[in-house]
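Take a look at the structure set out below.
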Amino acid sequence: MAGPEDMTIRDHLNRKMRPFFIVMGVCFVLFALSGPLAASMRVLPLLPLIPFLGFAGCFLYLYFRIRCPNCNNPISQLPMMAGGGFFRFSRKLKCCPFCGIDFDTELKDLPGTAQ
Ligand SMILES: [Zn+2]
């Protein structure tokens with residue numbers, strides 16, 4: 001197993017984001033299913049609210065917590081905007097739009113960290 005010091009920025013961010021993207025996906029499906037279910041069964045009219053809050057919570061967490069390890073700007077929306085890299089930092093995403101650091105830079109080689 002590679003230690004955290006052997007990870008690139010891309011690997012590091014993908015690893016942090018992955019569980020939240022999975023939860024967001026599950027919440028999205030549950031939300032889509034719970035709407036008709038709540039309407040047809042006339043029970044738990046607030047049922048769709050639960051996955052919606054889960055989805056929103058994950059989104060906010062990602063927005064505020066996923067930051068460039070070099071310049072500390074929020075970059076979680078990048079993979080969602082870039083084609084082909086939905087829900088992860090694909091190889092198409094080359095660098096941070098704020099500080100320009102290459103996402104394939106290893107964490108231990110960040111200019112901003114102790115040298
Ligand atoms: Zn940056």
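Coordinate-derived values only; no laboratory data. Note that the coordinates shown come from a computational prediction; the quantities given were computed from them, not determined experimentally.
Compared with the dominant principal axis of the Cα atoms in the chain, helix 49-65 is inclined by about 10°. Of the Cα atoms belonging to the chain, the radius of gyration and Dmax stand at 17.7, 62 Å. Taking 0.36 nm per residue of separation and subtracting the Cα-Cα distance, full extension of the segment from Cys99 to Gln77 would add 6.3 nm.
Mean residue ellipticity at 222 nm from the helices of the chain, using -39,500 (n - 2.57) per DSSP H segment of n ≥ 4 over the full residue count, to the nearest 500 deg cm²/dmol? Display every interim value, and only then the final one.
Values: 3 runs with 54 residues, N = 115.
So the calculated ellipticity at 222 nm is -16000 deg cm²/dmol.
Here the relative contact order of the chain, from alpha carbon pairs under 8 Å that lie six or more residues apart, stands at 31 percent. A simple rule links phi to the HN-Hα coupling: the Karplus curve 6.51 cos²θ - 1.76 cosθ + 1.60 with θ = phi - 60°, which for the stretch 9-20 gives 4, 4, 4, 4, 5, 4, 5, 5, 7, 3, x, 6 Hz, with x for Gly and Pro.
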